[in-house]
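Colleague: I am attaching a structure below and will ask some questions about it afterwards.
The values are calculated or read from the model by the stated rules, or taken from the named source; none is laboratory data. On a predicted model such as this, the values are computed, not experimentally measured, just so you know. Every residue, glycine as well, gets a Cβ built from its backbone with ideal geometry; the counts of neighbours run over all protein chains shown. Each accessible area value is taken on the protein alone, full model and side chains, heavy atoms only, with ligands, DNA and RNA left out. Shrake-Rupley method; radii C 1.70, N 1.55, O 1.52, S 1.80 Å.
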Amino acid sequence: MTDHKHPDHSDESVRINRVIGQLEGIKRMIEERRYCPDILVQTRAVTSAVMAVEARILERHIESCVQAAFDADDGTEAGSKVAELVDLFRGFRRN
């Protein structure tokens, strides 16, 4: 599928920058020896934010790249995309 254009994820840069800011805040909290649960609340917020970015990118991938593979009526490409998604989800479950 060389003619397929990948979706634009540039709007995720704002969210990524926010996560970077949160991580810098967590680093400061650790350096300041802040209360452990307070640090953990912030690490959970970062985890949630990263998962939201992942979900948005995955949604666009399915709507664009995977859909294009199925629309191309090429069983090999469609099967490859399904296998790719299965591998991604297996990786998510391991973490």
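Colleague: Search segment 1-28 for residues that are modelled with pLDDT under 90 and pair each with any residue that is part of a helix (DSSP H, G or I) and among the aliphatic types (A, V, I, L, M) when their beta-carbon atoms are under 6 Å apart and the residues are at least 6 apart or on different chains.
Modeller: Qualifying pairs under 6 Å: His4/Ala68.
Colleague: Which one of Arg18, Arg34 is charged (D, E, K, R) and touching a Lys or Arg at 6+ places or on another chain (Cβ under 9 Å)?
Modeller: The unique qualifying residue is Arg34.
Colleague: With open to solvent by 60 Å² or more (accessible area, probe 1.4 Å) and of a type in the set (Lys, Arg) as the only criterion, which of Lys27, Lys81 stands out?
Modeller: Lys27
Colleague: Please report, ordered by residue number, the helices (runs of 4 or more DSSP H) entirely within segment 1-91 with at least 2 residues that are among the polar types (S, T, N, Q).
Modeller: The helices (runs of 4 or more DSSP H) meeting that bar are 12-31, 36-61.
Colleague: Looking at Val53, Val66, can you tell me which residue is without any contact (Cβ under 8 Å) to a residue 40 or more places away in the chain and surrounded by 11 or more Cβ atoms within 10 Å (Cβ to Cβ)?
Modeller: Val66
Colleague: I've got another one for you. Please count how many residues of segment 69-78 are free of Cβ contacts under 8 Å to residues at least 60 places away in the same chain, open to solvent by 50 Å² or more (accessible area, probe 1.4 Å) and within 23 Å of Asp8 (Cα to Cα).
Modeller: Adding up the residues that qualify gives 2.
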